[in-house]
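Every number here is computed from the coordinates shown, using simple stated rules; none is lab data. Since we're looking at a predicted model, the values are computed, not measured. We place every Cβ from the backbone using ideal geometry, glycine too, and count neighbours over all the protein chains shown.
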Amino acid sequence: MTPIKECLINNKTDLTPIWLMRQAGRYLPEFREIRKNNPNFVDLCLNSKLSKEITLQPIKRFGFDAAIIFSDILMIPYGLGQKVEFKKNFGPNLENLEIDKLLEIDEEKFTKNLSPIYQLLVELKKSVDLKKKDLIGFVGAPWTLIVYMINKVSPKNGLTTNFFSDTSLINNLLEILDKFIKTHIKNQVNAGATIIQIFDSWSGLIKSDFDKYLYNPTLSLVNYTKSLGVPVICFPRGISDYKKFCQIVKPSMVNIDYNINPKTLIDKIEIPIQGGLDPKVLLTDNENLKIEVTKYLELFKDHPYVFNLGHGILPETKIETVEELVKIVRNFK
């Protein structure tokens, strides 16, 4: 059994497994070389040959215990027919949302639109580099996708003042997304994903109606993924009550963000925990890196734990620092 599956299923491992969110990305010189020649990010995500190469880059370099496919949560809006672009130094930019246009898309058309992602998984499953390693597929949670689909840009660039006002639109999107996120999960599992991670990057924006926007939609996806016989990791970034989230949603494992004090969780959460380290720690020196990493390893040494970050690895991270990080985790007793 793979180290992460062992942690998820049997709640134990001999050594702490490690992988990093956004491990296939801009901090890698080999990725930057490909990106330089492929400026259209969406097209790159839909190029199964290049996305396979990118997915495997951090595995070949660092020997992480899992590969996460090179893709993006916004491929779901793209698959539903909402145009998505990524602008340099700005981020995603989506066209105006037309609900009638979304309602015209069926599962067959959606699957066809995203077929290169599923082909990527099929090809990765054959790779000798992933022998005894997990292959992680992923989706965005309904709330986070709704934020992007209505706001059209990342909330980092501002949130429209009337965002929460159109409850009819939000309700329609919750229903549509539940169906097509499940389709995307099913297609990834059928193509070879051994774990699914659900990213709710903007769940911290939810201030009320948590059942409607956070718990119930995510629980629906978690139950569906488990019904396919695949473990599911949830990353509800920015929420304050991880204990309640885990009690209601019951993921196989929860990924914590770097704003939560992990000491407050150790006696409250029974399921395996992943992540937590602030990615900015990787921008400091090796001495500080060891201190901060060891804090997490010590704290969770008697709790099922997968080492990861509390958000994606930063583009300015040095290769040597990641090598040192892996060494610290591997050598921890």
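In table form, for the structure just shown:
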quantity	calculated
Distance between modelled label sites at Lys268 and Asn162, nm, 7 Å Cα→Cβ extension	3.8
Diffusion constant of segment 3-331 at 25 °C, which comes from Stokes-Einstein with the Kirkwood Cα-pair radius and 0.890 mPa s, µm²/s	122
Computed [θ] at 222 nm, helices only, for the chain once each DSSP H run of length n ≥ 4 contributes -39500 (n - 2.57)	-13000 deg cm²/dmol
Unsatisfied cross-links (Cα-Cα over 18 Å) in the set Lys179/Lys212; Lys36/Lys88; Lys87/Lys152; Lys182/Lys207	Lys182/Lys207
With Cα atoms, 0 to 90° folded angle of helix 286-299 axis to the chain main axis	80
Exposure proxy ranking, count of Cβ atoms within 10 Å, fewest first, for Phe110, Phe210	Phe210, Phe110
Cα-derived Rg to Rh of segment 41-136, Kirkwood definition	1.04
On Cα atoms only, tilt of 167-191 relative to the major axis of the chain in degrees	50
Rounded FRET efficiency, nearest 0.05, which uses the C-beta distance separating Lys295 from Lys226 and R0 of 41 Å	0.80
Considering only segment 65-202, percent of DSSP beta bridges that pair antiparallel, nearest 5	40
Antiparallel DSSP beta bridges within the chain, as percent of all bridges there, nearest 5	20
